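The values are calculated or read from the model by the stated rules, or taken from the named source; none is laboratory data. Keep in mind that this is a model prediction, so the values were computed, not measured. Don't worry about glycine lacking a Cβ; one is built from the backbone with ideal geometry, like all the others, and counts go over all protein chains shown. With ligands, DNA and RNA removed, areas are computed over all heavy atoms of the protein, side chains included. Shrake-Rupley method; radii C 1.70, N 1.55, O 1.52, S 1.80 Å.
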Amino acid sequence: MLEIAQLSKTYESPGRSVEAIRSLTFDVAAGELVCVVGPSGCGKTTLLRAVAGLLPASGGEVRLDGVPVTGPPPRMAVVFQEYGRSLFPWMTVWQNVELPLKEKKVPAPRRRELVTQSLESVGLGDAARAHPWQLSGGMQQRVAIARAVAYEPQVMLMDEPFAAVDAQTRADLEDLILRLWRDLEVTTLFVTHDIDEAVYLGQRVIVLSSSPTVVMEDLKIDLPPERDQLGTRSLPRFGELRGHVYSRIQAARG
Amino acid sequence: MRRLLHGLLGLTGLLALLEAAPRLGLVDARFLPPASEILRTLAGELTTAGLWLALGETMRGWAVGLALASGLAVAAGVVIGVVPGLRAATSSTVEFLRPIPSVALVPLATLLFGPSLGSTLLLVVYASFWQVLIQVLYGVAAVDPVAHDTARSYGLSAWSRVRHLVWPTSLPYVMTGLRLAAAVAFILAVTAELVIGSPGLGAEIQVAQSSGAVPTVYALIVVAGLIGIGVNTAVRLLERRVLAWHPAVREEVAG
Amino acid sequence: MKAVRLLGLPVLLVLLWWAVSGGSFYLPSPDRVAVAFAETWFSDRLTGDVLPSVGRLLAGYALAALLGGWLGVPIGLSPRLRATLEPVLEFFRAIPPPVLVPLIMLLAGIDTPMKVLVIVSGCVWPVLLNTVEGVRALDEVLADTCRMYGIRGWPRVRGFVLRGASPQIMAGLRQALSIGIILMVISEMFASSSGLGFTIVLFQRQFQIAEMWSGILLLGLLGLGLSLLFRRLERWVLSWYYGSGAARA
Ligand SMILES: Nc1ncnc2c1ncn2[C@@H]1O[C@H](COP(=O)(O)OP(=O)(O)OP(=O)(O)O)[C@@H](O)[C@H]1O
Ligand SMILES: [Mg+2]
């Protein structure tokens, strides 16, 4: 469904060029949840922006259903790393979620339904009339997720969405993502630098090397499909997988 | 480098447009002479002593007025900000006097001083005073209350508090006020000359216009624009210089 | 207590005015100015001079706001256009607006169009340059969000570009307002036969000193009124901005 083939990106600016990604190749099947981990600065955001069609690649290509991605595809949603900045501060939570639907010309009754549902599903039914800056960081992040969900995307991209929230909120949001992913059967590419999170969420984990970046390993996570914070994380297999990914990242750094 | 090139392109384009429009008869050349003629007139004007004398007058009014206004405003601002209760007592008056457009004082200036430096100064000082005062008040209010309490608990005198705490904190604000006031002062200096006839660039423009010397009017307006740019650049540089040590500026440069 | 704080100093100043004005030719006492104010301005001068002046001011200001915003958006959005036009715009901004009055009189005569044009020519630069600056500094993450969710064209300009740049645009409009008042007065001091600026100069020429002061007072009240109105507008348009605390940063 989503194919990334020999993707490379070098940032060119006068007097300086940064090779952020050397060459990345991997696929994401329809309905799959794939996590990408890698050290900070290895080009995870770059990868995601290239997949989203926001950034032209220097080489290689990204294909969605066999069609090369050249601009943002219509049924793709992104939750940005800087979630606070991705919400329109002059709009209420409701308006933020509704805006993309208006642009898609979704009829008003259906729009209302989608917005209500998605806000309910992230537990923000009551905050609809608030402005983003009246919410906590974790709540803002959930608004961004609700907006993506309401858009009814085929593919959802998430860039370290939980980097800036506390541990408890983070656990809740992780389970929220798992639930939404299962309910909506949306293909998800989830970027993180947290190994535990990657192993806990993913059906596969792609380990990136540090810059210039290549795929170090494409690891199948053979944990039972039902996951929960305490049970899954205390499985011996979870520990093994985590240790494995950890050692690969250490190797990547060295 | 690219930016510079583009900028030059823009300026060249403007000149080309101003040259072509009257030559092609798109506008009446009597009202908009071709750019080359304006520049030629400008070059001619620059060799006359009259223009330089006028410029000297304008800049004198500007500088003296700005200095007076800033001095008064800083003194008033610090006193209002430091003496307890004064801020609240003066705020309604400040809020009322500040928006009075300084040109409202034109008739008064004419009456009191006639067409002379005094008129220019009255308008310039009134207009720039508020710009600086407001900023100083912001600045004094920005003094960290903890730092203020610390200074008091160590028994610093009022004067040392102003010198070592209030003044350094408000300096960036003072400079902002000065930057705004410098532009306003230039506008008002030229206005006084133009309307009241105090000697200077504005009066020259007025004379050129009433004698129908259209290219000269344009040339003098160009001079006014160049001086305006000069004034803006000069205060920016001064601001940088004075505040080189200040974190606010360091951030701005880094960011 | 609050009333004392609010009115204490003004009352004191008026009393001081009273005290020093005794017998002075240039400074009539406050009561004489007050009487002159009522007699002068609550008459057909209100409809003949004051309202037309204010009307021209508002017309010129509104035109300048539209023009500045309308040109500022494309310039701010295109780095190349911006680099090309920036020096030209900086130059025009640096020209003190009043010097354009004699020029515009040459081009547009001495009637209402000239006066409105003068106001437009002075007010447009702060609006334009601030709009350019505001649009340039729009948040990239929000820009990406728009691209991702297919928000483009006019909805993008209205919902994202103009709203995101509105704090700077409002700052430009505030500067433009004070320039507009100055130009309204000046344009009427030249070769005019009606209007607020003309009337005040006329009083001065005829040594009607109390009337002249009442005119100064009226201009002050006008400036104050407009700036209060503007502050209302600003609070309303930028409520999200003050709320988010971005204004303090
Ligand atoms: N716009 C840009 N111009 C130049 N270099 C860039 C740009 N964006 C990113 N880079 C460089 O590309 C590399 C990868 O950056 P990227 O943001 O993709 O990393 P990341 O893996 O998302 O990091 P983090 O985990 O901290 O978010 C870094 O070396 C960065 O400096
Ligand atoms: Mg990143």
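Figures for the structure shown
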| quantity | calculated |
| --- | --- |
| Any hit, segment A:69-78, residues being within 16 Å of ligand 2 (Cβ to nearest atom) and modelled with pLDDT of 90 or more | yes |
| Residue that is farthest from A:ALA29 (Cα to Cα), among those in segment A:160-181 that are within 16 Å of ligand 2 (Cβ to nearest atom) and open to solvent by less than 10 Å² (accessible area, probe 1.4 Å) | A:PHE162 |
| A:ASP194 vs. criteria away from chain C (no Cβ under 13 Å), within 16 Å of ligand 1 (Cβ to nearest atom) and open to solvent by 30 Å² or more (accessible area, probe 1.4 Å) | yes |
| Qualifying residue in segment B:150-172 (condition: of a type in the set (Gly, Ala, Ser), modelled with pLDDT of 85 or more, over 30 Å from B:GLY44 (Cβ atoms) and open to solvent by less than 50 Å² (accessible area, probe 1.4 Å)) | yes |
| Scope segment A:10-42; condition under 28 Å from C:GLY150 (Cα atoms) and in contact with a Pro (Cβ under 8 Å, 6 or more places away or on another chain); matching residues | A:ALA20, A:ILE21 |
| Qualifying residue in segment B:52-63 (condition: more than 24 Å from B:GLY200 (Cα to Cα), surrounded by 21 or more Cβ atoms within 10 Å (Cβ to Cβ) and within 13 Å of chain C (Cβ to nearest Cβ)) | no |
| Residue check, B:ALA69 part of a helix (DSSP H, G or I) and open to solvent by less than 40 Å² (accessible area, probe 1.4 Å) | yes |
| Scope segment A:1-38; condition under 16 Å from the mean Cα position of the chain (by Cα), of a type outside the set (A, V, I, L, M, F, W, C) and in a loop (DSSP other than H, G, I, E, B); matching residues | A:GLY31, A:GLU32, A:GLY38 |
| Selection count where residues are without any contact (Cβ under 8 Å) to a residue 40 or more places away in the chain and either at the interface with another protein chain (Cβ under 9 Å from one of its Cβ atoms) or under 15 Å from B:LEU46 (Cα atoms) (or both), scope segment B:198-224 | 9 |
| Hits in segment A:211-224 - residues which are farther than 17 Å from A:LEU33 by Cα and outside any strand (DSSP E or B) | A:SER211, A:PRO212 |
| Residue, farthest from A:ASP196 (Cα to Cα), within segment A:3-43, restricted to residues that are exposed (fewer than 15 other Cβ atoms within 10 Å of the Cβ) and of a type in the set (Asp, Glu) | A:GLU12 |
| Extreme residue, nearest to the other protein chains (Cβ to nearest Cβ), among residues of segment C:1-33 that are open to solvent by 50 Å² or more (accessible area, probe 1.4 Å) and within 15 Å of C:GLN208 (Cβ to Cβ) | C:TYR26 |
| Failed item in (1) among the hydroxyl-bearing types (Ser, Thr, Tyr); (2) in a helix (DSSP H, G or I); (3) open to solvent by 30 Å² or more (accessible area, probe 1.4 Å), with C:SER194 passing the rest | (2) |
| Number of positions in segment A:84-103 that are assigned to a helix (DSSP H, G or I), open to solvent by 20 Å² or more (accessible area, probe 1.4 Å) and either within 14 Å of A:MET139 (Cα to Cα) or within 16 Å of ligand 1 (Cβ to nearest atom) (or both) | 3 |
| First in segment A:49-70 and under 19 Å from A:GLU82 (Cβ atoms), second anywhere and small (Gly, Ala, Ser), Cβ under 8 Å, 6 or more apart | A:ALA50/A:ALA57; A:GLY53/A:GLY71 |
| Condition met for C:LEU103 (open to solvent by less than 30 Å² (accessible area, probe 1.4 Å) and without any contact (Cβ under 8 Å) to a residue 40 or more places away in the chain) | yes |
| Residue that is closer than 21 Å to A:ASP27 by Cβ, open to solvent by 60 Å² or more (accessible area, probe 1.4 Å) and of a type in the set (A, V, I, L, M, F, W, C), where the choices are A:LEU219, A:LEU157, A:LEU184 | A:LEU184 |
| Failed criterion for A:GLY137 (all others in (1) surrounded by fewer than 19 Cβ atoms within 10 Å (Cβ to Cβ); (2) at pLDDT 90 or above hold) | (2) |
| Flag if A:THR45 is out of contact with any Cys (no Cβ under 7 Å at 6 or more places or on another chain) and more than 16 Å from ligand 2 (Cβ to nearest atom) | no |
| Filter pass, A:PRO73 being away from ligand 1 (no atom under 11 Å from the Cβ), open to solvent by 10 Å² or more (accessible area, probe 1.4 Å), in a loop (DSSP other than H, G, I, E, B) and touching a residue at least 40 places away in the same chain (Cβ under 8 Å) | yes |
| Residue in segment A:1-58 that is farthest from the other protein chains (Cβ to nearest Cβ), counting only those that are β-branched (Val, Ile, Thr) and within 13 Å of ligand 1 (Cβ to nearest atom) | A:VAL37 |
| Matching option when the condition is farther than 18 Å from B:ALA224 by Cα, open to solvent by 70 Å² or more (accessible area, probe 1.4 Å) and not in a helix (DSSP H, G or I), among B:ARG30, B:ARG87 | B:ARG30 |
| Residue match in segment B:35-44 (condition: within 29 Å of B:PRO168 (Cα to Cα) and either more than 14 Å from chain C (Cβ to nearest Cβ) or buried (at least 20 other Cβ atoms within 10 Å of the Cβ) (or both)) | no |
| Yes/no for C:GLY172 being free of Cβ contacts under 8 Å to residues at least 40 places away in the same chain and more than 9 Å from every other protein chain (Cβ to nearest Cβ) | no |
| Criterion (within 16 Å of ligand 1 (Cβ to nearest atom) and over 14 Å from the mean Cα position of the chain (by Cα)) met by exactly one of A:ALA150, A:ALA127, A:ALA164 | A:ALA164 |
| Checking B:VAL136 against (1) closer than 13 Å to B:GLY81 by Cα; (2) of a type outside the set (Lys, Arg); (3) open to solvent by less than 40 Å² (accessible area, probe 1.4 Å); (4) more than 24 Å from the chain's Cα centre (by Cα), the condition it does not meet | (4) |
| Number of positions in segment C:76-126 that are more than 11 Å from chain B (Cβ to nearest Cβ) and touching a Leu at 6+ places or on another chain (Cβ under 6 Å) | 5 |
| A:ARG227 of a type in the set (Lys, Arg), assigned to a helix (DSSP H, G or I) and in contact (Cβ under 8 Å) with a residue 24 or more places away in the chain | no |
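One line per residue, one yes/no per condition, for (1) away from ligand 2 (no atom under 16 Å from the Cβ); (2) touching a helix residue (DSSP H, G or I) at 6+ places or on another chain (Cβ under 9 Å):
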| position | (1), (2) |
| --- | --- |
| A:THR10 | yes, no |
| A:SER13 | yes, no |
| A:SER17 | yes, no |
| A:ASP65 | yes, no |
| A:TYR83 | no, yes |
| A:MET91 | yes, yes |
